[in-house]
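Heads up, the thing below is written out as structure tokens.
Each value in this text was obtained by applying a stated rule to the coordinates, not by laboratory testing. A quick note: this is a predicted structure, and the numbers were derived from the prediction, not measured. All Cβ positions, even for glycine, are placed from backbone atoms using ideal geometry, and neighbour counts span all protein chains on display.
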Amino acid sequence: MPEIKVTPLGAGQDVGRSCILVSIAGKNVMLDCGMHMGYNDDRRFPDFSYITQNGRLTDFLDCVIISHFHLDHCGALPYFSEMVGYDGPIYMTHPTKAICPILLEDYRKITVDKKGETNFFTSQMIKDCMKKVVAVHLHQTVQVDEELEIKAYYAGHVLGAAMFQIKVGCESVVYTGDYNMTPDRHLGAAWIDKCRPDLLISESTYATTIRDSKRCRERDFLKKVHETVERGGKVLIPVFALGRAQELCILLETFWERMNLKAPIYFSTGLTEKANHYYKLFITWTNQKIRKTFVQRNMFEFKHIKAFDRAFADNPGPMVVFATPGMLHAGQSLQIFRKWAGNEKNMVIMPGYCVQGTVGHKILSGQRKLEMEGRQILEVKMQVEYMSFSAHADAKGIMQLIRQAEPRNVLLVHGEAKKMEFLKQKIEQEFHVSCYMPANGETTTIFTNPSIPVDISLGLLKREAAIGPVPDAKKPKLMHGTLLMKDNSFRLVSPEQALKELGLAEHQLRFTCRVHIQDPRKEHETVLRVYNHLKGVLKDYSVQHLPDGSITVESILIQATAHSEDQGTKVLLVSWTYQDEELGSYLTSLLKKGLPQSTS
Amino acid sequence: MAAHLKKRVYEEFTKVVQQQHEDLSTKKLRLTKPSKSAALHVDLCKATSPADALQYLLQFARKPVEVESVEGVVRILLEHYYKENDASVRLKIASLLGLLSKTAGFSPDCIMDDAINTLQNEKSHQVLAQLLDTLLVIGTKLPENPSVRMRLVEVACKHLTDSSHGVRNKCLQLIGCLGPVEKGVAKEAESQAAKDVQKIIGDHFNDQDPRVRTAAIKAMLQLHERGLKLQQAIYSQACKLLADDYEQVRSAAVQLIWVLSQLYPESIVPIPSSNEEIRLVDDAFGKICHMVSDGSWVVRVQAAKLLGSMQQVSSHFLEQTLDKKLMSDLRRKRTAHERAKELYSSGEFSSGRKWGDDAPKEEIDTGAVNLIESGACGAFVHGLEDEMYEVRIAAVEALCMLAQSSPSFAEKCLDFLVDMFNDEIEEVRLQSIHTMRKISHNITLREDQLDTVLAVLEDSSRDIREALHELLCCTNVSTKEGIHLALVELLKNLTKYPTDRESIWKCLKFLGSRHPTLVLPLVPELLSTHPFFDTPEPDMDDPAYIAVLVLIFNAAKSCPTMPALFSDHTFRHYAYLRDSLSHLVPPLRLPGRKLVSSPVSPSITPHEDPSQQFLHQSLERVYNLQHLDPQGIQELLEFTIRDLQRLGELQSELAGMADFTATYLQCQLLLIKALQEKLWNVAAPLYLKQNALASAAAKQILEETYKMEFMYSGVESRQVVIIHHMRLQAKALQLIVTARTTRGVEPLFGMCEKFLQEVDSFQRCFISELPHMQGSFVDKLLDLMPRLVTSKPSEVVKILQTTLRQSTFLHLPLPEQLHRATANIIEPTGESDNPLRFTSGLVVALDVDATLEHVQDPQGTVKVQVLYPDGQAQLIHPKPADFRNPGPGRHRLITQVYLSHTAWTEPCQIEVRLLLAYNSNRSKASARIPKSSWNESLEALPLSENGIEGTIPFSKPVKVYIMPKPARR
């Protein structure tokens, strides 16, 4: 039985280091190639030796697909392709291809230049790696080789995030990557057609959460910022450079525009500017509003948001500043925070999750006195707010996607085991499909029941369809034909053509039967009686009396001879081809009953 | 047959030639075209290849065919149809047949048999489909003929088994449009096609082709529209179609389910997989709600729209649509709405959120969580969060409709509506504000909600702010803090956007009169009075202070204790405001003062309003004094006109009426004055100056009559006739003046004839009104008509002159309601000293924002005129989409005007004004002739002889300072 095998090398019952191996109909595909943020040793990259101990990876993998540019989905790519060695095609969408190297370079800089690690991939490796990338468009079917094809669907989440359908013959797998089912200020919602894949591999970050409407959060956020600015306070929003930052920028930008506000908004520079450039370019990947209005004005050409300069932090009056990094653990955001923390008019808004031990986490948990380096005590008087802006699908969203795609099996990755358990149970209960949640390194095998397409010649189809009742979608219809299996393809052809193609001679099969009839008369008279009888019974058929003394009913031949021993018994020889089996057997049984006693 | 036809065609041809001969004899030039059918026949015979024939047919289709020759053309086409081997030509012929049978005035029953016959031998599916389409056209043209319809339906049923989707599609469409609707009729006919059409169509719900499935559902809906009661059995079939793979099918199925839910709301249907049963409308509601989260946005829009009209749904289901259970890590979480409500009820308001404030509380039983609800759960929550704004708007509209019929639902949906005020698309925001206003009688805003609502007051879009003001006019506020908050925010709005002044004052007026008891405790604070100290008198011209006073005075109207809190200057200000802003400040009973409001005692009913009486009296006076000496009449008219004009200024509700009559009297006055001139007694050429006066008067009267006819809404035919009469008089005057001043009679011939034609057409148009016009100019003129027609121009002029002098002055009856169209340009303000600079040769866009009142059909009539200093004028037609309609009789024009000019040396002012275009053809009495769609005849409709197009300026011109700079090289 055909099967699909899935083995997560990362992201199996875990978040981070997404890397999933899928083998489908003899093709091996690797989905995502991410790094783990929690580790600094070998565990940060997936264990590629699982694929092969020695020998090139290229021989074992048909292609690699990257869903989006987050490092936990693409961070290990240069290591994998350049240091382990893979020369096959890597597929990603255009925006991902554009932004991915920026992030990789940044990641490399931090690890090598800041932490001083060696034996890490170099800038050149990133460049070489990107050369192997093939960019795909949304809904474009890419033929990887003759059998394997992939297709990208919009996934929301971040710019250029995509879900991928991998298809071989009739078997298919959909991998969602990270996706978002509710639209936000700059991206739309994930969408997939009813592709009914054999397996849907879905992320499940928020498997046990149902979120409140986005509007409430946005409104709260805007109100807080607005109030603080009106009071003359300064607002600090620590962000990571890409993704959420753009959403918040758009949000504030439109709000400023709408409300006619004048307070300046700054964005600390860095990779942001480069990234913003790409956001401006890939308008087709954004949401309806931006797509519709970009002719008048590209929403990413911010009017109110300007580049930040260190000196601005000391300017009097209200302002809003977006600064990296997002957890207030270092860099510009921390510097600004230290300057502003003392004034109760100011505010800091944390738009995302903070890791334990960072300043962000400390102030969020209510600590008002912070010990900075150099034994300095910083008293935090400014207001501290938390706003969650996250772009993963919640439990309802995941269910909605499953409903849209109608898969036959579901496999959960990219989430915590305990939460997956709950969702798994729900999916099985509500959709009646089996659901899997393999751990890293664990292989799940799914048996498929692919339907096999058979070509049929038009002539045969028309001929067969003409016989019998009108075709009805609800009922299966019986057809006569010859199934030819030749050169890995199936064809249904008419018997004549099959014989011709195979170079075989046609054999005829005839059934012959003798029926004994008690009739003392002469042979030809008997024949005449039989003829008259048959003609009376079989009104719809053509019954003929041939001059040579035999009778034909359609193609069935009846001959009468006298019995060699008993002249009173006549032997009727009935002969028919196997196509006329039905009529033939009917005739025999009819004749066996004997002829009616007629007076003449 | 064919030969005979050909003959007939050629006969037609020859007849035309003969006519030309006749024309020649009468020395008139008339162009006649040879019959189309003949030309077509010749062309088709000439055609050598199918491509040729197709070309001829295409050319033929571009030209109209006269009703008389349609049948002949059809015969020729059919003849060719049978001969033609090429499918594409046959297809074109089939489509032409359809077009031809649409010809107005042509009854296609004579060609039906032929059309049905063509179906028999047709092999090509496309042609078959086209032929069925033609039959459909024929069938719809013959609505009164059930047997024809039966036959057509039978034909369609026969072709339902065709293998091509197009043919089946058309068959279903035909059955849907023509199938028998009344059961009784079908039984009577008792033919084989009397089989239940519903069943036939229903069988195709499962067709293999999605297009056919869609067509089947559409046909079913068509039957419903035509009045057939659909069977309930279809419901279960339709439910299955909701899960179809194709969006068109799902979209149509949603409609079908909605129709059924309206037909059988109370029937009981079982819930699958359980023993329970529910009402059909509830079940349908649940199913449509489910479609709000469909994969295709077209379906989502459809579903969201239909939800709004399902008012019979039980409240339990309705309230589920706003329900969404939140959870986080499997623990129940409260929504922000719930939290806000709790904060509010606990008395703590607007606290800063702390980390973990929204921390989830109780554990959820994992078994009880239902992630995909089959019911209505959260449909609107999803709909309002949809990524497509079309869906969001549809959802908001649906919310509005449901909330209007259910107060409890209105209360619940409030939070969601308020959230929509922050949508990223302005249209959605505006829509939700309007919705809120519509349901405002059902709701009271909580303070936190009010806070969110008021935050939108700072929006930079004027539309939004004004919509919000309207909303505030009719909202209920629960606390005095709420009122205070609203006032503060409105004042903030006022300082930020001073142009909103009027709208804010109006808003506060209603706010005050609705909540007198809530305003009362705020009065000392608002007026900043102090029990011991005198406070400085506020500046009376401060719009903010006026705003506060408007609020207080309106509240004081129904709260007699309030005036006790006023300080002295407040009373003075009251008197001032009552006078200057009488529409905003109500009459008050103030203690220790003469009642200012005494004249308006409740005993006087509005129609006996003294001002109205005055109006009628003064008119009466004018009409009665017919035989005063000329001097006296002139003076009286002058005084009355002055009175009326002043009345119009004072009483805004009578302004239209007063202006209208004043204009009429003005015309009369001009006429009298012109006739009084001495010049009539002297040889004309000597008195050039005098004659200038008379002709100017005639011109002005003409202008004024156009104004009267087209600038006022509510003018009835009784008035129109009098206006036209006045115009006729003016034209007579013009004629007399020209006759006097020009030498020779040659030009007079034409003028006289034209004038007589006008009199004639006047008589034709207003024949029914003539009896009311005893002794008038036209009455006398018509008596003299036989004489006029035969006499020479000089005599005509003489007669006219005497009739004009002797004719009496017609009463102008006043209609019930009369409003003058007015326009006010808000933007540009014309105050700017900074010239608008732009490079010459390029264009600059000037934003124009104007309010229009009492303009009928502004899309067609209102134009913007730009006058450049060099006298060059430019007329701009605003797009229909630039007009908004904020209320009955009111319109708002927000548009952009593109200016361009060659370079100037220094900045200069241009004038922008609004014009009202009119066309005297389009008089209100005559209905417009509908344009035929295909058969648009080439010869334009004959212009009626008095067809004059013109424009009336109806707004004050605004000056804009511009400066086209020379282009830099």
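Add +1 for every Lys or Arg and -1 for every Asp or Glu among the other residues with Cβ under 12 Å from the Cβ of A:Thr58, and state the total.
Numbers: positive: A:Arg56, A:Lys132; negative: A:Asp59, A:Asp62, A:Asp87.
Around A:Thr58, the charge tally is -1.
Residue by residue through A:256-264, how many Cβ atoms from other chains fall within 10 Å of the Cβ on average? Intermediate results must be reported in sequence, preceding the final value.
Numbers: counts 1, 3, 10, 7, 6, 2, 0, 0, 0.
Other-chain Cβ atoms within 10 Å of each residue's Cβ, averaged: 3.
List every residue whose amide H lies under 5 Å from the amide H of A:Leu9, counting only residues 5 or more places away in sequence or on a different chain, with H placed 1.01 Å from N in the peptide plane.
The list, which skips near neighbours in sequence, is A:Cys19, A:Ile20, A:Leu21, A:Gly441.
For peptide A:401-407, how many partner chain Cβ atoms fall within 10 Å of a residue's Cβ, on average?
Working: counts 1, 2, 5, 4, 1, 2, 0.
Per residue, the average neighbour count from other chains is 2.
How high is the relative contact order of chain A, in percent, with contacts defined as C-alpha pairs under 8 Å that are six or more residues apart?
It comes to 14 percent, rounded to a whole number.
Filter the chymotrypsin sites (Phe, Trp or Tyr not before Pro) in the range B:513-572 down to the DSSP loop ones having no more than 16 other Cβ atoms within 10 Å, then list what survives.
B:Phe532, B:Phe533
Between A:Phe490 and A:Ala311, what FRET efficiency comes out of the Förster formula 1/(1 + (r/R0)^6) with R0 = 60 Å and r the beta carbon distance, rounded to 0.05?
Working from the Cβ atoms, E equals 0.20.
For each pair in A:Lys151/A:Lys475; A:Lys194/A:Lys475; A:Lys214/A:Lys419; A:Lys167/A:Lys424, compute the distance between the two Cα atoms and list the pairs where it is over 27 Å.
Pairs exceeding 27 Å: A:Lys151/A:Lys475.
Once label points are set 7 Å from the Cα along Cα→Cβ at both A:Asp220 and B:Asp568, what is their separation, rounded to one decimal in nm?
5.5 nm
Evaluate the distance, in nm, between pseudo-label points positioned 7 Å from the Cα of B:Asp323 and of B:Gln55 along their respective Cα→Cβ axes.
In this crude spin-label approximation the distance works out to 7.2 nm.
Going highest first, how would you order A:563-571, A:359-367, A:386-394 by mean Cβ packing within 10 Å?
So the order, starting with the most tightly packed, is A:386-394, A:359-367, A:563-571.
Under unit Cβ charges (Lys, Arg +1; Asp, Glu -1), what dipole magnitude, rounded to 20 debye, does the protein assembly as shown have relative to its Cα centre?
It works out to roughly 2380 debye.
Would you calculate the separation in nanometres between label points at B:Lys83 and B:Gln232, each defined as 7 Å from the Cα along the Cα-to-beta-carbon direction?
6.1 nm
If I take every Cα pair under 8 Å that is 6 or more residues apart in the range A:453-500, average their sequence separation and divide by the length, what percent do I get for the relative contact order?
Worked out over the range A:453-500, it gives 42 percent.
Can you tell me how much longer the chain between B:Ile826 and B:Ser164 gets when fully stretched, taken as 0.36 nm per residue apart minus their C-alpha distance, in nm with one decimal? Walk me through the numbers before you get to the answer.
Numbers: separation 662, 0.36 × 662 = 238.32 nm, distance 6.09 nm.
Additional length available on full extension: 232.2 nm.
Of the options A:Phe45, B:Ser251, A:Gly549, report the single residue whose Cα projects farthest towards the positive end of the charge dipole of the protein assembly as shown (beta-carbon charges: Lys, Arg +1; Asp, Glu -1).
The listed residue farthest towards the positive side: B:Ser251.
Could you give the dipole magnitude of chain A about its Cα centre, charging the beta-carbon of Lys and Arg +1 and that of Asp and Glu -1, in debye to the nearest 20? Let's see the in-between values first.
Working: 73 positive and 68 negative charges, 515 e Å.
Here chain A has a charge dipole of around 2480 debye.
Per 0.36 nm of contour for each residue apart, how much would the distance between B:Lys879 and B:Ser717 grow if the chain were fully extended, relative to their Cα-Cα spacing?
55.3 nm
Can you tell me the FRET efficiency between B:Gln676 and B:Gln896 if r is taken as the Cβ-Cβ distance and R0 is 56 Å, rounded to the nearest 0.05?
It comes out at approximately 0.65.
With no solvent and one equal point scatterer placed on each C-alpha of the range A:263-360, evaluate the Debye formula and give log10 I(q)/I(0) for q = 0.11, 0.25 Å⁻¹, two decimals.
Debye output, listed in q order: -0.42, -1.31.
Measure out, as a whole number of angstrom, how far apart the alpha-carbon centroids of the range B:847-871 and the range B:714-792 sit.
About 33 Å separates the Cα centre of the range B:847-871 from the one of the range B:714-792.
With a cut-off of 11 Å, note down the residues of the range B:290-325 whose backbone N falls inside the zone around a label point 7 Å from the Cα of B:Lys438 toward its beta carbon.
In the range B:290-325, the label zone of B:Lys438 (backbone N under 11 Å from the point 7 Å along Cα→Cβ) covers B:308-309.
Picking from A:Ser494, A:Leu478, A:Ser457, whose Cα lies most toward the positive end of the charge dipole for the range A:453-500 (charges on Cβ: Lys, Arg +1; Asp, Glu -1)?
About the Cα centre, the residue reaching furthest to the positive side is A:Leu478.
Distance between the C-alpha centers of the range B:508-583 and the range B:161-179? Whole Å please.
73 Å
Efficiency by 1/(1 + (r/R0)^6): what FRET value for A:Phe447 and A:Tyr50, r their Cβ-Cβ distance, R0 = 22 Å, to the nearest 0.05?
Numbers: r = 23 Å, r/R0 = 1.03.
That pair, A:Phe447 with A:Tyr50, gives E of 0.45.
Name the residue from B:Leu54, A:Val112, B:Ser768 whose Cα lies farthest towards the positive end of the charge dipole of the protein assembly as shown, charges +1 on Cβ of Lys and Arg and -1 on Cβ of Asp and Glu.
Value: B:Ser768.
Could you please rank B:Trp297, A:Trp285, placing first whichever residue has the fewest other Cβ atoms within 10 Å of its Cβ?
B:Trp297, A:Trp285
Using the per-residue mean of other Cβ atoms lying within 10 Å as a proxy for protection, in what order, highest first, do the peptides B:484-495, B:146-157 fall? Let's see the in-between values first.
Numbers: B:484-495: 18.6, B:146-157: 20.7.
Descending mean neighbour count gives B:146-157, B:484-495.
In peptide A:192-200, how many Cβ atoms from other protein chains are near each Cβ within 10 Å, on average? Working shown, then result.
Working: counts 1, 4, 5, 0, 1, 0, 0, 0, 0.
Counting Cβ atoms of other protein chains within 10 Å of each residue's Cβ and averaging gives 1.
How long is the gain from A:Gln367 to A:Ala465 if the chain were fully straight, where each residue apart is worth 0.36 nm and the alpha carbon distance is subtracted?
Difference between extended and current length: 27.3 nm.
What is the dipole size for the range B:241-320, taken about its Cα centre, with +1 at each Lys and Arg Cβ and -1 at each Asp and Glu Cβ, in debye to the nearest 20? Spell out each step's value before the answer.
Values: 5 positive and 10 negative charges, 52 e Å.
The calculation lands at about 240 debye.
Using only DSSP helix segments of four residues or longer, with each worth -39500 (n - 2.57), what per-residue ellipticity at 222 nm results for the protein assembly as shown after dividing by its residue count and rounding to 500?
It lands at -14000 deg cm²/dmol.
Please report, in whole Å, how far the alpha carbons of the protein assembly as shown spread along each principal axis, starting with the longest.
Each principal axis gives a Cα extent; for the protein assembly as shown these are 150, 117, 73 Å.
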